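The values are calculated or read from the model by the stated rules, or taken from the named source; none is laboratory data. No experiment lies behind these values; they were computed from the predicted model shown. No Cβ is skipped: glycine too gets one built from the backbone with ideal geometry, and neighbour counts run over all protein chains shown. SASA here: full protein model, heavy atoms, side chains in, ligands and nucleic acids out. Shrake-Rupley method; radii C 1.70, N 1.55, O 1.52, S 1.80 Å.
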Amino acid sequence: MYVPVCDQCNEITSSFGSSSTATTSAFTVKITMVECTSKIKAPEGCTQYFTGTTGTLSTYNYQSGSGVLLHNQDYCACVRSERTTCSICYYSSTTTFFMSVPNAIAAIGALGFDTVCGVKGIGATYANGGGFDYITIPNGRCSSPPTTVATTVTVDRYCGTEFNCAQTTAIAGTPANTVCTNSKPFRVCVHSDNAEYSFPAADGEGTLANNRGFQLSYFQQTVCQANP
């Protein structure tokens, strides 16, 4: 976690829940000061910062799929663009992406992108709630290198129980599960609210299995993605 500080005295306070403060609990925190001119300094607005042409990023408390998505999150995980890189692609398995179930409808959760993500509370559109938690990937689209242009549309928001790119604007069809973008700086931003809706019980985002957060792998490419 990268935290911006000033060159004067800085005080950082951490709060732990009562279940984590038993006499047997212990915490080890490593702190590294990064100079403002350092090449490893995270860009502005990046809470997490990754380097390398390939890698993996996940939400806080993901715990290899055994954790739960934290409430009220609003941060970005950034990936440094390598010297010859033009685009980056993200992908996940069907068991490592659980970011809400819009309107508690499994079919929407399996094809969550664009306007079904980021819907607050309960309303006329989503009577069962569950549509807010999402991530953003600016100008995301299906993998579409210039040599094999894919059928795709660009969208920024992704949610639900499967990570998929948008081939059309409709929430239907068979999506692909790799999302690519040329937009720099490369970043995935996480947004969650403080409510989990559990109706119906089997499909609602309040079910732990539907609300664990995500783990995404990425790889950078020297070729740019073709515009749809």
Add -39500 (n - 2.57) for each DSSP H run of 4 or more in the chain, then divide by its residues: what number comes out at 222 nm, to the nearest 500 deg cm²/dmol? 0 deg cm²/dmol
With a point put 7 Å past each Cα toward its Cβ, work out how far residue 3 is from residue 74 in nm, to one decimal. 1.9
Portion, in percent, of the accessible area of region 84-172 that falls on carbon or sulfur, probe 1.4 Å: 57
Put 60, 91 in order of accessible area, largest first, probe 1.4 Å, and you get 91, 60
Could you give the accessible area per residue of the chain, probe 1.4 Å, as a whole number in Å²? 55
Rg(Cα) / (2.2 N^0.38 Å) computed for region 92-223, rounded to two decimals: 1.03
At most 14 other Cβ atoms within 10 Å and a DSSP loop assignment: could you name the trypsin sites (Lys or Arg not before Pro) in region 56-160 that fit? 83, 120
Antiparallel %, DSSP beta bridges [both residues in the chain], to 5: 90
Label-point separation, residue 44 to residue 86 (7 Å along Cα→Cβ), nm: 2.9
Inter-probe distance in nm under a simple model that places probes 7 Å from Cα toward Cβ, at residue 195 and residue 31: 3.8
For the chain, report the convex hull volume of the alpha-carbon atoms normalised per residue, in Å³, without decimals. 142
Classify region 1-132 as rounded, prolate or oblate, taking a ≥ b ≥ c as the square roots of the eigenvalues of its Cα gyration tensor: rounded when a/c is under 1.5, otherwise prolate if a/b is larger than b/c and oblate if not. oblate
Largest fluctuation, 29, 179, 190 only, Gaussian network model of the chain with Cα springs under 10 angstrom, belongs to 29
Amide H neighbours of residue 113 under 5 Å, counting only residues 5+ apart in sequence or on other chains, H built in-plane at 1.01 Å? 159
